[in-house]
Structure formats: C-alpha cells, structure tokens
Amino acid sequence: MDNLKKLKHEPVPLAIIGGGAAGMFAAAVAAERKIGCLVFERKVRLGAKMLMTANGRCNFTKDVPVATFLRDVGEPVASWAAAALQSCPPQSIMRGLKSLGIRLRRMPDGRMFPDSGQAATIVHAFGDLLRDQDVPLCVNCPVTGLQPVKNGFIVATAHFTVWAQNVLLATGGLSFPKTGSVGDGQDFARYLGHRIEPCRAGLTGLEIRDRAIAAQTGARFEDGEAHVLDATGQTVFSALGEVECEDWGLSGAAVYNCQRWLARHGLNGMSMRISFGGQTRTVRALIPRPLKEAIVTIGGVSREDVDPETMMSRKVPGLFFAGEVLDIDGPTGGYNLTLAFATARAAVVAVQNRLRD
Ligand SMILES: Cc1cc2nc3c(=O)[nH]c(=O)nc-3n(C[C@H](O)[C@H](O)[C@H](O)COP(=O)(O)OP(=O)(O)OC[C@H]3O[C@@H](n4cnc5c(N)ncnc54)[C@H](O)[C@@H]3O)c2cc1C
C-alpha cells in the first residue's frame, strides 16, 4: 500500500483513436518500439472493416516496387505519400505479417492475401500481438472529444477522460459506417482548425439505367475494360479487370478504378466506355453509388495541413493522422490498406522521435 503514496498522474505517451487497419498497425509498431500506447475503438471488436476487405479475403498489399506502387496510386496522392511508402514498402509489410506467423499468398499480378483466404487471420494476429504486448484496448469506447492542453491532450469518452502526450487519429473514412467509421476524426480535425476536403465515394459502382445490364444481374466478366473519354471521344484513363452487372448498373475493379480517377480529379461530366463479355456500353451521365457503399473515401483531412514525413498536424503539435481519415486513397488491389499501414508507421516513428526530444 506504500506504493500508493508514490502514485503520480502521468499521461499515456500515445493515444490511438480508432482500432482499424491504421490503428492496429500503429499500436503494433508502438509496442515493438516500447512506446506506451492506448487504443480506443468505437466497436466491440477491432478491425471490422478489414474483415470485409476483398470479400473477406483481405488483399493487404501489392508486391510491386514502391515506384510502381506510387505510379498506380497517381497524383496528387502519390507525391505526398512517397516518404511514408519508402519507409514502409509493401515488402516490409509482407515481412512483418510473416513474422507474426501468417502464411502469405501472392497472385500473379502481385496482389497479396493471407494464405488462409481469411481476413480474420490478419485481424486476429494483430489482436494477439497487442494482447501479448499488454497494449490496453478500450473497445466499445468511442472517443467523443479531443482537447489540446498544456502538456498534451485530454481525450474524452462518454464515461472518462485520458491525458495523452500525443494523439493519433486513425478513425477512417465515411464508407460502411456500420463498421464504425462515421467521420468523427474529420470532425475533431475540423474543430481543431484543419481543412477538410469534401468526402465523396471512391472505388464504387456506376448507376446505369439499362435493361440489358439489369437482365444480366450477377454476371461477372473477368476480362472487362473501362475507358474514361474526353469530349472528342479519346481515352484519357483506362482500367482493365472485372466488370460485374448489377440491377442498378455496373461494378467491378475496372469500373471502380475509372470511377475513382474521375472523382479524384473532379471530372464528373465526362463519359465512359465499358466493355465486358463482348458487349460495349458508352455511359454519359455518370452517377456513382453512394459514399456509404464505397470501398474508399476520397477527401478528408487536407494533406496540406499534415507533414508527409511525420504525419503530424501543421496546426496542432502532437496530433498525428493515419489512414483514410486523411485525404488519401488508392486504386483497388491492396493499395488502400498499404497506405493505412505506411502512414501509421510514419506517425509512430515520429511520435517516438518527439518523445525523445
Ligand atoms: C468492402 C470493402 C472492401 C475493401 N477491400 C480492400 C482490399 O481488399 N484491399 C485494400 O487495400 N483496401 C480495401 N478496402 C479499403 C480498406 O479497408 C480501408 O482503406 C482501410 O480499412 C482504412 O483503414 P483505417 O484504419 O484508416 O480505417 P478503418 O479500417 O475504417 O478503421 C477506423 C476505425 O476507427 C474506429 N473509430 C471511428 N471513430 C471512432 C471514435 N470516435 N472513437 C474510437 N474509434 C473510432 C472505427 O470503429 C474503425 O474501427 C476495402 C474497403 C471496403 C469497404
């Protein structure tokens, strides 16, 4: 009991808000580097969205050189994310997962999956690692407020507050809100003076009123192609891959990647030519499916307000960002999880340097 007399109220070195892909990876890196951290997660379990990825199989990265990865991501995201990717390339993510005992499967095009074919293998491995490293996990515990104070931040939940020296916002985008990503991080960041780029759907299907397409609902064509056309009918962007017929229009990787390119560049007035199974459709009024159904959110915390080397806010020292809460996104194929992991690692390394100073 004598010990109690010596107790002092100390801040946690790092509070991670969000236990999704970026938050779990950040906590794993923090544990590896012996940085005291605490994870707050809105849902009862970690990684709800990750469990849904690639139809539950989790295409966690693409095994290509960083230069190829960045070319595929495209501007304006690629140059901003380059430093984080160079420090945490796909191959080091693969090594890290292997070191957790996860067997990996590589597709001929470089897409990487757990060999089990189950996203749960990766989510459970992160959970086990955090448990074994005694990382405190506050699940079922949405953060409701964030206030900078003299020596860090007050992180508030409905029932208690925590004093943190540094905070990492890893609360995700706005799609599939039932997984917990409802836009809280963007609200906290806006309240603390950051610009928020408008959030819109990325990697989503296109609504096309066409009875012939609706009649083929459920049909999938592996070797489809989609082309974005300029006013003269010339292709300005194209993507190869799956095209799937839905009762509302077309989905699949080829459609998603063109839709993302258009949304990222704000070019919604353009038309698209989509070919699949010997059929070709030219679509003029391009109506994307809603953000809540999108694979990724385009928009979020402005890249200009965040240092790309450290992921630290340029407005609030000690506040860091990782993953989809930021205005970053990539094409289908493992790019978005990799961006979440790489930005998370960059943030934790920077927190460690800040704690040393
Ligand atoms: C259907 C689908 C399939 C996908 N497939 C792939 C794929 O195969 N490959 C790929 O690379 N990407 C894929 N993605 C995209 C990928 O899942 C996301 O880009 C990635 O999960 C983003 O990670 P994140 O940590 O930023 O956000 P999330 O994984 O969404 O995690 C954010 C977490 O923060 C928590 N949170 C939010 N607010 C609070 C709060 N106030 N307090 C506490 N916790 C909070 C949420 O509950 C959530 O768990 C897919 C997405 C979807 C929807």
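The values are calculated or read from the model by the stated rules, or taken from the named source; none is laboratory data. As the structure is a computational prediction, the values presented were derived from the model and not from experiment. Cβ sites come from the backbone with ideal geometry, for glycine too, and all protein chains shown count toward neighbours.
Say whether the condition of being more than 22 Å from Arg345 (Cα to Cα), outside any loop (DSSP other than H, G, I, E, B) and touching a Pro at 6+ places or on another chain (Cβ under 8 Å) is met by at least one residue in region 104-111. Yes; the residues of region 104-111 include at least one that is more than 22 Å from Arg345 (Cα to Cα), outside any loop (DSSP other than H, G, I, E, B) and touching a Pro at 6+ places or on another chain (Cβ under 8 Å). Can you tell me which of Phe276, Phe341 is away from the ligand (no atom under 16 Å from the Cβ) and among the aromatic types (Phe, Trp, Tyr)? Among Phe276, Phe341, only Phe276 is away from the ligand (no atom under 16 Å from the Cβ) and among the aromatic types (Phe, Trp, Tyr). Within region 331-343, residues that are assigned by TED's automatic domain parsing to the domain that holds Trp80 and modelled with pLDDT of 95 or more have Cβ atoms under 6 Å from residues that are of a type in the set (A, V, I, L, M) and within 7 Å of the ligand (Cβ to nearest atom) in these pairs: Asn336/Val296; Leu337/Ala21; Ala340/Ala21; Ala340/Ala22; Thr343/Ala322, counting only partners at least 6 apart in sequence or on another chain. Only residues that are crowded, with 24+ Cβ neighbours inside 10 Å and within 13 Å of the ligand (Cβ to nearest atom) were counted across region 19-34, and they come to 9. Looking across Thr157, Thr171, one residue alone is of a type in the set (Val, Ile, Thr), closer than 16 Å to Ala15 by Cβ and touching a helix residue (DSSP H, G or I) at 6+ places or on another chain (Cβ under 7 Å). It is Thr171.
Among the residues of region 37-53, the one identified as within 6 Å of the ligand (Cβ to nearest atom) and surrounded by fewer than 18 Cβ atoms within 10 Å (Cβ to Cβ) is Met52.
From the list Asp115, Asp63, which one is touching a residue at least 12 places away in the same chain (Cβ under 8 Å), surrounded by 17 or more Cβ atoms within 10 Å (Cβ to Cβ) and assigned by TED's automatic domain parsing to the domain that holds Ala28?
Details: Asp115 fails: surrounded by 17 or more Cβ atoms within 10 Å (Cβ to Cβ).
Step by step, each of Asp115, Asp63 is checked, and only Asp63 is touching a residue at least 12 places away in the same chain (Cβ under 8 Å), surrounded by 17 or more Cβ atoms within 10 Å (Cβ to Cβ) and assigned by TED's automatic domain parsing to the domain that holds Ala28.
Any residue in region 130-143 that is farther than 25 Å from Gly47 by Cβ and either in contact with a His (Cβ under 9 Å, 6 or more places away or on another chain) or hydrophobic (A, V, I, L, M, F, W, C) (or both)? Checking region 130-143: not a single residue is farther than 25 Å from Gly47 by Cβ and either in contact with a His (Cβ under 9 Å, 6 or more places away or on another chain) or hydrophobic (A, V, I, L, M, F, W, C) (or both).
For region 328-335, the count of residues that are in contact with a Ser or Thr (Cβ under 8 Å, 6 or more places away or on another chain), more than 12 Å from Ala22 (Cβ to Cβ) and more than 8 Å from the ligand (Cβ to nearest atom) is zero. It is to be established whether one or more residues within region 204-214 are part of a helix (DSSP H, G or I) and of a type in the set (Asp, Glu). No, every residue in region 204-214 fails to be part of a helix (DSSP H, G or I) and of a type in the set (Asp, Glu). Here the condition is being without any contact (Cβ under 8 Å) to a residue 12 or more places away in the chain and assigned by TED's automatic domain parsing to the domain that holds Ile16; of Ser87, Ser79, it holds for Ser79 alone. Between Asp329, Asp305, the distinction of being of a type outside the set (A, V, I, L, M, F, W, C) and buried (at least 24 other Cβ atoms within 10 Å of the Cβ) belongs to Asp329 only.
Consider region 145-182 and keep the residues that are of a type in the set (Ser, Thr, Tyr) and buried (at least 22 other Cβ atoms within 10 Å of the Cβ). The one that is farthest from the ligand (Cβ to nearest atom) is Ser175. Selection over region 33-57 of residues that are outside any loop (DSSP other than H, G, I, E, B) and without any contact (Cβ under 8 Å) to a residue 40 or more places away in the chain gives a count of 1.
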